1. How big is D for the stretch 211-267, in µm² s⁻¹ as a whole number, if Stokes-Einstein is applied with the Kirkwood radius of its Cα pairs at 37 °C and 0.692 mPa s?
2. Considering only 244, 197, 165, whose Cα is most displaced toward the positive end of the charge dipole of the stretch 157-272, charges sitting on Cβ of Lys, Arg (+1) and Asp, Glu (-1)?
3. From the phi of every residue in the stretch 205-217, what ³J(HN,Hα) in whole Hz does the Karplus formula 6.51 cos²θ - 1.76 cosθ + 1.60 yield, where θ is phi - 60° and glycine or proline is x?
4. Please list the non-local residues whose amide H lies under 5 Å from the amide H of residue 119, H modeled 1.01 Å from N, same-chain partners needing a gap of 5 or more.
5. Compute the separation of the alpha-carbon centres of the stretch 72-126 and the stretch 169-234 and state it in Å as a whole number.
6. Give me, ordered by chain and number, the residues 5 or more places off residue 73 or on other chains with an amide H under 5 Å from its own placed amide H.
7. May I ask for the percentage of alpha-carbon pairs in the stretch 89-136 that lie more than 14 Å from each other?
8. Tabulate in residue order the Karplus-calculated ³J(HN,Hα) for the stretch 224-238, using 6.51 cos²θ - 1.76 cosθ + 1.60 with θ = phi - 60°, rounded to whole Hz; enter x for Gly and Pro.
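Each value in this text was obtained by applying a stated rule to the coordinates, not by laboratory testing. Just so it is clear, the model here is predicted, and its values are computed rather than measured. Cβ placement follows ideal geometry from the backbone for every residue including glycine, while neighbour counts extend to all protein chains displayed.
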Amino acid sequence: MYYYGARYYDAKLCKWISTDPILEQYLPTGNKDKDSRLPAGGIFNSININLFHYGGNNPIKYVDLDGNVNIAVAALGAKNGKDDNTMISRAARTGDLVLKASTGKELLDKLAKNSSKKDPIEKLTIFSHGGKQGVYCKKNEGLFSGTFDNGVGTAVGEAFGIYDAATLSDMKKMIESGDIVFADNANIYLSGCDLGTEDFAQELANITGAKVYAMNDDGVGTINKVSGKKSKETGYFGPAKTRGRDGRWFLYQKGQDPQMVGKKLKLTEGER
């Protein structure tokens with residue numbers, strides 16, 4: 001019998017011996033829109049009805065290191081919320097635990113609520129609008145680097161005391177206090193535009209110790225796996241080539257120079 005933090009695993013049976021703790025999130029609500037975006041398809045995906053299975057009953061393809069789900073954040077409210085449904089549906093197609101956040105403070109609070117020393121965050125994907133200084137939510141209330149300027153000459157930290165914005169400095173304090181916990185081998189994927197910067201992606205890697213993947217100098221869009229051209233929701237994300245640019249995914253790690261990864265990353269499953 002092996003204890004993985006969330007559940008005990010019986011290696012002889014190749015199954016967990018208690019039910020999936022995400023069960024509640026698999027259940028339909030009666031709202032058609034919400035029920036179309038249940039994590040990993042919810043109970044409409046028959047494998048999820050088996051509450052004792054391991055790795056989708058496919059241990060060759062899927063490895064579940066702690067019996068818990070990974071986290072996908074849908075950052076909401078940017079551009080007056082017109083793309084909120086897209087962010088939520090993309091987060092749902094990861095098959096991970098979906099957290100919705102309308103402010104940077106809410107984002108950090110939810111990461112704290114869903115991580116611990118026993119169950120650290122091993123994978124975090126953030127679906128958002130973004131810029132070189134951070135993740136956008138409603139108004140100016142996102143998650144930013146410590147150098148973000150709100151357009152009237154005042155930096156975050158002081159300027160946003162009346163709002164619910166947050167900075168990476170806030171995140172660092174929560175990590176140091178043990179409120180937010182990342183695993184030693186954690187990966188973070190940033191799907192927002194222009195987040196591949198020293199101010200944000202590199203600093204995020206420095207404070208979390210995670211491998212951070214972000215787009216450098218371009219927007220992010222869904223692309224065709226083969227051609228790399230703009231496409232419907234295939235699960236692959238690449239440069240949006242906004243304003244004539246042609247960016248690349250970069251990997252940011254603590255104490256290392258950024259490394260170019262390539263033009264595409266698979267962040268979700270395709271549309272069902």
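1. Numbers: Rh = 11.5 Å.
The calculation lands on 286 µm²/s.
2. Farthest towards the positive end: 244.
3. After applying 6.51 cos²θ - 1.76 cosθ + 1.60, I find 5, 5, 8, 9, x, 8, 7, 10, 9, 8, 7, 9, 6 Hz.
4. When sequence neighbours closer than 5 places are left aside, there are no close amide H contacts.
5. 13 Å
6. HN-HN under 5 Å from residue 73: 99, 125, 126, 127.
7. Details: 640 of 1128 pairs.
The proportion of pairs with Cα distances above 14 Å equals 57 percent.
8. Those phi angles translate into 6, 4, 8, 7, x, 7, 3, 8, 5, 5, 9, x, 9, 10, x Hz.
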